[in-house]
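One structure is given below, encoded as structure tokens.
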Amino acid sequence: MSEEKVISVKDLTKQFGSFTAVDHITFDVYKGEIFGFLGANGAGKTTAMRMLCGLSFPTSGRATVAGLDLFKEAEVIKRRIGYMSQKFSLYEDLAVKENIRFYGGIYGLTDRQIKTKMEYLLHQLKLEDKANTLVRSLPLGWKQKLSFSVAMLHEPQIVFLDEPTGGVDPITRREFWNLIYQAAAGGTTVFVTTHYMDEAEYCNRVSIMVDGRVDALGSPDELKRQFHAEDMGQVFLQLARKAVRSAD
Amino acid sequence: MKAVVVNSVAKTFKAEKAVVTALHDVSFEAAQGELFGLIGPDGAGKTTLFRILTTLMIADKGTASVDGFDVVKDFKEIRKRVGYMPGRFSLYQDLTVSENLAFFATLFNTSIEENYDLVKGIYSQIERFKDRKAGALSGGMKQKLALSCALIHRPSVLFLDEPTTGVDAVSRKEFWELLRDLQKQNITIVVSTPYMDEASLCDRVALIQEGRILDIDSPTGITKKFGKTLWAFKADDMYKLMMDLEAMPEVRSCFPFGSEHHVLFNDPNQSTDAIVKKLNYVNLSVQKIEPSIEDCFMDLMRSK
Amino acid sequence: MKQFIYFIRKEFYHLWRDPRTMFILFGMPLMQILIFGFALTNEVKNTRIAILDNAKDDASRAIIHELEASRYFDVQEDVRSNADLEPAFRTGKIKMAVVFPDRFQDELLHANKAPIQLIGDATDPNVANTLTYYASAIILDYQENLKGREQIPYTINTEMRMLYNPQMKGSYNFVPGVMAMVLMLVCAMMTSISIVREKELGTMEVILVSPIIPIRVVIAKMVPYFLLSTVNIASILLLSVFVLDVPIQGNLVLLVAECLLFTVTVLALGLLISSAADSQQTAMLISLMGLFLPTVMLSGFMFPVENMPIPLQVISNIVPAKWFYYIVKNVMIKGLGFTYVWKETLILVGMTAFFMTVSIKKFKTRLE
């Protein structure tokens, strides 16, 4: 984990009418870090992440992502980041190969680059004999891993993962985290949200959002010490219980 | 009489050029008043099994009964006495909380007042929203409403299909506390969940993966059956540690578990001192631990 | 640029792999061109007419000969006297009558002027117009031929008389048609969507696992639309009478009863659609393509069915709206009683029974 900041957020706020979804959050994320972004449903996690991906316009505050200003250069940012969510990333009625080719093209890769990446990907995920299978027919775990790899096709600086391991079996979950580790070791910064508290421990640092604010920020060890907790699950429960919004 | 009996049930689906076997040969029983958990990831077959038990689908092979009634022949009887909470939130989003509850009560030819004592514990938590439309409730509140609606006719067996999925950790905990309270009313509860840690909250569980049952027992029974010595390894650089351990021939499996790695050795009498020496780490802690349901699940997955 | 091309390619994949979309893109336009091109026409051909020849002289016979030879008309031989005319119009046997006065040729030769009366069935004013126009053209032709040889200004006056709708108001035709369309939309489409929505949302699952008899669920869904339809029928009729000046000639009770019958028929259709559709979109598509469009095209209110090619005429028989349109036209505009529409009523009843039986049989008490 280096000292170079790839994401820098200051007083970032998002309001929907009179409702403040994200309330002046401030934090930095360093290059090569695995940054866990936690929070209860309704805490503002998804809204915050969408802003950082350039999918939603902040109401106020400042942020730079991949060295670019979030307000002024949102379009350029999109080329330097990758995104994967649990609900969707791949087209179910297209084959594995077709998805890879499509996203490669969208991300601006040359034909040769796509070819090389495709071979590498299919080999690494052991999907060679399933290259022409429709994604719809793949088991869930393989879909997730493929989604992640596709999000990384264009070698982004930062990859945003929105609950990537939901509902997946425990072994595949860990295989998935292997991919995350490899990406981080290769210099890609990973910004991940998850509901699995044990996964929070795999992160270099974790932030926990409550009622639109970042109420905790630090490495898992630091947070456990700070909240006198045995594991991240307990840290989370302590914070989430205080929440006003999620009790609604 | 057993509340739920499943005997060699199999079910296959044909969907768009693909044949999917949802259940291969599934058998289990749940006793009356038991809190029975069906633990497994997406695609394990949990929802299909529930649909067969609630008479919404017919199995290709095998038999099943609920409260002594056959799911195929006596489905009308089962539909009178069973409570069902399917995977998605199955409430009327544009009806209010109290309207939803009233509707389900009358659907079962009863009224809210008749069985109010049963749902009071749950309903009181959402009562202040009784005039709010169900669609405007938070995930946790919707869950509680759905549970109330499933209980309002005093069912003898309650089927809850992944009630805690998509809901935050605090609500999850509260929900399971509600279930334990319900058990005292002698209602049999069959719950499915992908969360391994929720297994320990059940009386007995069936671990299910890809349409097959890996094991059935009480949570402690399952962990006791593990039979192997499990070690927890901890170091400063956990990723490096995992790579190193995986590379070692003595290691059978090494899986990250939060802040520690759970390691199994090929040799049951493997000395950890030798391993520690080999690794030669600065800060390394090794501890023998008891396996969790998740450890057992993963081990069973690998051996099948 | 590459991005763009890749995106286009992906969109093509989605297209090929969805048979439903392919059908809409290729099947539908083809069908519509064929139907609109060949079948639907405002042109009239072989329409049944009657000729009352009170003169029986050379002139009348000459004109009659032309009329008989024309492809537009199909002369009904058995309508011979004035008394025959009224019932023939009433039962729809003829759409027009050509009446020659008894001293036609005499008057023509001596006074150089003779009348011919054209009586038209104006419940469908467009058709009536066309028919009388064709007939007038033939008569004019004869007149010109006559003149041509002798240079005498012979004039044959065609006197028009329009039955049932003397002012030739288009609305007479449209009111029954609109009623059919509205009921079709509200009842069939909305009912089917409502049932399918329950399936889509997942609430149907929960309802099935309860003691309620599934058919009651379905009937409960139909009742609001039935009541709504009665309001619609009432407002359409009120508007027709008081705003559009379309009178209700026949028995109001009979008219309303027939409308309610049609409502039930269409509700049953909606039920049938819902058992075949698995998503609200599909239900809407089937309702629009499979019901609404045929209703508009084949019920006879926009394009006369008699002039369509035989296959389409046969198909139009299974469109409930066709029978309804016939009934409403006859009761409301022509003022006929039940004895004239009992056959068509029976057909509607039969259709209703059929749809209901099939849907109830197909209604899934299970999820698959």
So, in region A:118-137, of the ones that are of a type in the set (A, V, I, L, M, F, W, C) and touching a helix residue (DSSP H, G or I) at 6+ places or on another chain (Cβ under 7 Å), which residue ends up nearest to residue A:93 (Cα to Cα)?
-> A:135
Does region B:144-161 contain any residue that is in a strand (DSSP E or B), touching a residue at least 12 places away in the same chain (Cβ under 8 Å) and under 27 Å from residue A:239 (Cβ atoms)?
-> no
Identify, from the list C:4, C:12, the residue that is within 11 Å of chain A (Cβ to nearest Cβ) and modelled with pLDDT of 85 or more.
-> C:12
Taking region C:320-363 only, how many residues are out of contact with any Gly (no Cβ under 8 Å at 6 or more places or on another chain) and part of a loop (DSSP other than H, G, I, E, B)?
-> 1
Tell me, please, whether a residue that is assigned to a loop (DSSP other than H, G, I, E, B) and at the interface with chain B (Cβ under 8 Å from one of its Cβ atoms) can be found in region A:199-220.
-> yes
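Conditions tested, residue by residue: (1) over 18 Å from the mean Cα position of the chain (by Cα); (2) of a type in the set (Val, Ile, Thr); (3) modelled with pLDDT of 90 or more.
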{"site": "C:255", "(1), (2), (3)": "no, no, yes"}
{"site": "C:273", "(1), (2), (3)": "yes, yes, no"}
{"site": "C:286", "(1), (2), (3)": "yes, yes, no"}
{"site": "C:292", "(1), (2), (3)": "no, no, no"}
{"site": "C:297", "(1), (2), (3)": "no, no, no"}
{"site": "C:307", "(1), (2), (3)": "no, no, no"}
{"site": "C:323", "(1), (2), (3)": "no, no, yes"}
{"site": "C:337", "(1), (2), (3)": "yes, no, no"}
Just checking, how many residues over region A:20-46 are out of contact with any Cys (no Cβ under 6 Å at 6 or more places or on another chain), closer than 27 Å to residue A:179 by Cβ, within 14 Å of chain B (Cβ to nearest Cβ) and not in a helix (DSSP H, G or I)?
-> 7
Meets criteria (in contact with a strand residue (DSSP E or B) (Cβ under 6 Å, 6 or more places away or on another chain), away from every other protein chain (no Cβ under 14 Å), closer than 18 Å to residue A:52 by Cα and not basic (Lys, Arg)) for residue A:159 | yes
Condition set surrounded by 13 or more Cβ atoms within 10 Å (Cβ to Cβ) and within 14 Å of chain A (Cβ to nearest Cβ), scope region C:15-50, selection farthest from the chain's Cα centre (by Cα): answer is C:17
Quick one: would you say residue A:95 is closer than 30 Å to residue B:165 by Cβ, in contact with a Leu (Cβ under 6 Å, 6 or more places away or on another chain) and surrounded by 16 or more Cβ atoms within 10 Å (Cβ to Cβ)?
-> yes
Scanning region A:127-149 for residues that are more than 13 Å from every other protein chain (Cβ to nearest Cβ) and crowded, with 19+ Cβ neighbours inside 10 Å gives A:127, A:145, A:146, A:147, A:148, A:149
With respect to residue B:240, determine if the residue is within 29 Å of residue A:235 (Cβ to Cβ), loosely packed, with under 15 Cβ neighbours inside 10 Å and within 10 Å of chain A (Cβ to nearest Cβ).
-> yes
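Yes or no, residue by residue, for (1) closer than 30 Å to residue B:78 by Cα; (2) within 14 Å of chain B (Cβ to nearest Cβ); (3) in contact (Cβ under 8 Å) with a residue 40 or more places away in the chain:
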{"residue": "C:152", "(1), (2), (3)": "no, no, yes"}
{"residue": "C:162", "(1), (2), (3)": "no, no, yes"}
{"residue": "C:171", "(1), (2), (3)": "no, no, yes"}
{"residue": "C:213", "(1), (2), (3)": "yes, yes, no"}
{"residue": "C:217", "(1), (2), (3)": "yes, yes, no"}
{"residue": "C:234", "(1), (2), (3)": "no, no, no"}
Would you call residue C:162 surrounded by 15 or more Cβ atoms within 10 Å (Cβ to Cβ), under 30 Å from the mean Cα position of the chain (by Cα) and closer than 27 Å to residue C:359 by Cβ?
-> no
Counted residues, region A:95-118 - those being more than 9 Å from every other protein chain (Cβ to nearest Cβ), over 19 Å from residue A:143 (Cβ atoms) and not hydrophobic (A, V, I, L, M, F, W, C) | 4
Taking into account only those residues within region B:181-215 that are within 22 Å of residue B:53 (Cβ to Cβ) and among the charged types (D, E, K, R), which is surrounded by the most Cβ atoms within 10 Å (Cβ to Cβ)?
-> B:198
Only one of these conditions is not met by residue A:181: (1) more than 24 Å from residue A:54 (Cα to Cα); (2) in contact with a Pro (Cβ under 8 Å, 6 or more places away or on another chain). Which number is it?
-> (2)
Among the residues of region B:82-109, which ones are within 23 Å of residue B:54 (Cα to Cα), more than 9 Å from chain C (Cβ to nearest Cβ) and touching a Phe, Trp or Tyr at 6+ places or on another chain (Cβ under 9 Å)?
-> B:100, B:101, B:103
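The values are calculated or read from the model by the stated rules, or taken from the named source; none is laboratory data. Please read all numbers here as calculations on a predicted model, not as lab measurements. Virtual Cβ from ideal backbone geometry, glycine too; neighbours counted across all protein chains shown.
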